[in-house]
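Written out below as structure tokens is the structure these notes cover.
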Amino acid sequence: MRKLQSEEKINRENNANRTFNKLLKVSLIIGIFVVSGFTIYYILKPEPGYYMFGILNSEKRAENYPTNATVGENVSVYCTVGNYLNRDLSFHVKVLRGDNTTRRTTEGSINATFLYNTSRITLNHKKTWISEQLDVLFPLPGPDQTIIVELWEILSNNNETYLEILWVILTIFP
């Protein structure tokens, strides 16, 4: 009788071990599929793209921007665009002059004087562009005079969409 109970106990333990081993194998297989799925997704899905937009001083450096000028003096800057969008980027840059009534918003400038556009530029992925020298002349003295550059993307249907605005604030002396 004792031997029979011992054999039943061993059989129950063997059945429990078999069940546990089956569950363990199924769990490991599911885990491998899940990890493989995330790995494949990460490899095949490209990182989100971005662009870089900046103003450079007259020496084409991102430092020591002009802060003072006189009436009638040309103030020169450059702008730069870098394309890391994983696609081509067609754009142009609007150059404007502002004063203390100009508002710079997330949709562009309000009450700014339009000066000129750059030509249409198409920039390949991982390429950078630096503008020709952008000259701005201020006809009136005062504080809070601004050089404004706006980046506009030109879409495939030739419509424009606003991307970003940057500015340099100056004091203009008589």
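Where a number appears in this text, it was derived from the coordinates with a stated rule and is not lab data. What you see is a predicted model; the values in this text were computed from it and never measured. Cβ placement follows ideal geometry from the backbone for every residue including glycine, while neighbour counts extend to all protein chains displayed.
Could you size up the charge dipole of the chain around its Cα centre, putting +1 on the beta carbon of Lys and Arg and -1 on that of Asp and Glu, and report it in debye to the nearest 20?
Computed about the Cα centre, the dipole is about 1600 debye.
Treat the count of other C-beta atoms within 10 Å as a stand-in for reagent exposure and order VAL149, VAL168 from fewest to most. Spell out each step's value before the answer.
Details: VAL149 24, VAL168 17.
By the 10 Å Cβ count, ascending, the order reads VAL168, VAL149.
Angle between the Cα long axis of helix 2-44 and the longest principal axis of the chain, 0 to 90 degrees, nearest 10?
20 degrees
With a ≥ b ≥ c taken as the square roots of the eigenvalues of the C-alpha gyration tensor of the chain, please select rounded if a/c is under 1.5 and otherwise prolate if a/b is larger than b/c or oblate if it is not?
On the way: a/c = 5.04, a/b = 3.81, b/c = 1.32.
Because a/c hits 1.5 or more and a/b exceeds b/c, the chain counts as prolate.
Please list, in order along the range 49-59, the HN-Hα scalar couplings obtained from phi with the Karplus expression 6.51 cos²θ - 1.76 cosθ + 1.60 (θ = phi - 60°), rounded to whole Hz, x for Gly and Pro.
Listing the rounded values in order: x, 8, 10, 10, 9, x, 9, 10, 6, 5, 9 Hz.
Per-residue counts of other Cβ atoms within 10 Å, averaged by peptide: what ranking do you get for 18-30, 74-86, highest first?
So the order, starting with the most tightly packed, is 74-86, 18-30.
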